Amino acid sequence: MSHASNAIATPSPLKQWWLKWRFHLNILLLLVPLGFMPKYFADQKLFRGESGLGATPIENIAVGPWSISLAELRAEAPRQDGPAGYFKVFNAALCATCGSEVKAAYLRIGKPRSLRAAGTIFFGNPHRMATSLPVPERTRGDAELWITLEGWDGSMHQASVPLAKASPATLAWLDKQGGKK
Amino acid sequence: MAQQSKKSKSRLWFLIHSWLALPIWFFVLIVCVTGTLAVVSQEIVWLANPDVRASKPDDAAERLSFQQVLDALKKAEPDMAVRFISQPDGSHFALNVAVTYPDGTAPTLYVNPYTGAIQGKSPDFNFEGFTRALHGWWLVPFTNGYSWGWYLVSLLGLPMLASLVTGLVVYKKFWKGFFKPVLRFNHGARIFWGDFHRLSGIWSIWFIAVISITGTWFLIQAILGDNHITISTEPITPVIAREDVPLSDSREPVARIDLDQATLIATTNIPGLDVTFAQLPSNAYGHIYLGGRGWYPLMFQTASVNPYTRNVDASFLVGDRSALEFVTESMRPLHTGDFGGLAIKLIWAFFGLVLSMMVLSGLLIWTKRTAQATAAALKRADKPPRQRKVSQETTTEVQS
């Protein structure tokens, strides 16, 4: 070990390894976009609406005189948005003939007491609209997802679907949350 | 002694310079090349795809207003919903109109600004989007806050800045290179690439500084964003109050003002507002959101017009920005070069190419020289350290 300071003569195994493999970092880095490319193009397709409304679609839910199709954007657990909590994006499409009569569509976990508390409003247009639904961590597994449609004439109609049906992934996530507490 | 110490110090700087990007040189090169492509991606698409060109039917033809375009689209596709319409920077580009068809597909249409005719729709492979995604976040998806690919790429701003600084330190009297450019072709590859690296380096000082500083800003932006810290003073426009939206006597929607009326209201209320894009209300309680480049071309000015009350409910103008925002909001356009039309883009693309070549030439020089220099320096490290005078402020930081 008296020659240990002479790094040239006896490089440490770690250094040898680094010298041998350092340029392979480039290959590792190049594998990243290659690996994500299918996901990128699948997402592009999803955003262009070419993969349908979304995951686990529920077609033509009757809401008063109208009907609406609902789907989660992705079959996955709600995503956290910092301190604001967890959110789940849902897409919806109104029936072909009711698009002009419906003024607004809302989504809420649990039955709204009034139109003012109808939940989050959908943005978009009758063919495809989206909303980001807050999902409290304490939501019960048997919770219902309530859809409120408001007509231009002031009428209001409601319907509900089980959250477990609209988003099985959210249910699984809720079960896990419950397990933690 | 001092002379020798100075020399070894500059050798150390030189080694730092040489090693900054080396193990990941190919990654850096691809980021530079994709960035260069992204700058002119719109122009490349313009060359490749006739659909995105604004061809004039005849000399007398005049540009349609946004509402006239909407009317033409309504006629052509009565069931289609329009979300957004914009005139890209440059009158040679067709209008971009984001639409949704009844089947839920949501492409961007290229619409002739003179006739309102649909010339085509965005292809499945979006070249502009792809080059930007590859350059900007290495295609790593955004799942929770910023993608880690964004961090990976924006982190490169730091070694790039360090390369610039160390490069200028080791290139003694670099300013002389401006007056006496040297590019020797007949002395072998090493000499040529060395000259090339230095020559393109000094002419790119401003560009490397701009790109690395703005690139580092993207890193800061992500850190701020992921920690939910905002420096924006842009007002959050609340949705239109329920009582401001009149009830309809029938089942049909209440009449709302059209895009031309909204544009007129906005430009009358806000002198100097240029409207090059319009977003249609995204539901019954939404505003018509209009805007365009401000007098300071690196920033956009916007206005939200209430389609029922005809009021401008919110606006965000160049003068509304805080001093800090003036700096931070300028970062992105300075990075991408899309603030002064084609000329600026071409300058950015040219220097982007030069920067890519600097990475390549740097590598070529390294393979021929730095390996030996490093071996020599390591040998010297065995000798006892010399005393030295602090002769240059640039060399003081290296002592450890």
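Read-outs: derived from the displayed coordinates by stated rules, not from any lab. Just so it is clear, the structure is predicted and the values come from calculations on it, not from any experiment. Positions of Cβ are generated from backbone atoms using ideal geometry, with glycine treated the same way; all protein chains shown enter the neighbour counts.
Points worth noting:
- Proximal lysines to B:LYS173, defined as alpha-carbon separation beneath 18 angstrom and excluding residues fewer than eight positions away on the same chain: B:LYS6, B:LYS7, B:LYS9
- Each of the peptides B:259-266, A:78-85, A:168-175 was scored by the mean count of other Cβ atoms within 10 Å over its residues; in descending order, highest first, they stand as B:259-266, A:168-175, A:78-85.
- Distance between the 7 Å Cα→Cβ label points at A:GLU76 and B:ARG184: 5.6 nm.
- FRET E, pair B:LEU247, A:ASN60, Förster distance 22 Å, beta-carbon r, rounded to 0.05: 0.20
- Model label points for B:SER322 and B:TRP203, set 7 angstrom from Cα along the Cα-to-Cβ axis, are 4.2 nm apart.
- With the biggest extent put first, the Cα atoms of chain B measure 94, 45, 39 Å across the principal axes.
- Couplings 3J(HN,Hα) for region B:67-73, derived from phi with the Karplus relation 6.51 cos²θ - 1.76 cosθ + 1.60 (θ = phi - 60°), are 5, 4, 5, 4, 4, 5, 5 Hz, where x marks Gly and Pro.
- Stokes-Einstein diffusion of chain A at 20 °C, 1.002 mPa s viscosity, Kirkwood radius from Cα pairs, rounded to a whole number: 110 µm²/s.
- Ordered by the number of other Cβ atoms lying within 10 Å of each residue's own Cβ, fewest first, A:HIS127, A:HIS24 fall into the sequence A:HIS24, A:HIS127.
- Label zone at B:GLN261 (point 7 Å along Cα-to-Cβ), backbone N below 14 Å, region B:213-247: B:246
- The phi torsions of region B:253-269, fed into the Karplus equation with coefficients 6.51, -1.76 and 1.60 and a -60° offset, translate into couplings of x, 6, 5, 10, 5, 8, 5, 5, 5, 4, 5, 4, 4, 5, 6, 6, 6 Hz, rounded to whole numbers, with Gly and Pro shown as x.
- Shielding value for A:120-126 is 5, the average number of Cβ atoms from other chains within 10 Å of each residue's Cβ.
- Two-site FRET efficiency, B:LEU158 against B:SER55, from Cβ-Cβ distance with R₀ of 56 Å, rounded to 0.05: 0.75
- Amide hydrogen neighbours beyond the local backbone of A:SER160, cut-off 5 Å, H modeled: A:ILE147
- All aspartates and glutamates inside 13 Å of A:LYS88 as judged from Cα atoms, apart from same-chain residues fewer than 8 positions distant: A:GLU72, A:GLU76, A:GLU137
- B:ARG63-B:TRP295 FRET efficiency (beta carbon distance; Förster radius 30 Å; 0.05 resolution): 0.85
- Likely footprinting exposure, A:PHE90, A:PHE47, B:PHE14, B:PHE350, fewest C-beta neighbours within 10 Å first: A:PHE47, B:PHE350, B:PHE14, A:PHE90
- Positive-end residue, the protein assembly as shown charge dipole about Cα centroid, Cβ charges, pick of B:VAL82, B:PHE277, A:SER67: B:PHE277
- Modelled label reach - A:VAL89, point 7 Å along Cα→Cβ, region B:86-121 residues with backbone N closer than 11 Å: none
- Cα→Cβ-extended label distance, 7 Å offset, between A:LYS165 and B:THR276, nm: 5.0 nm
- Counts of other chain beta carbons within 10 angstrom of each beta carbon in peptide B:104-115 average 3.
- Average beta carbon contacts from partner chains per residue of B:251-263, 10 Å cutoff: 2
- Descending Cα extents along the principal axes, the protein assembly as shown, whole Å: 95, 71, 40
- Once divided by 2.2 N^0.38 Å, the Cα radius of gyration of region B:55-122 becomes 1.06.
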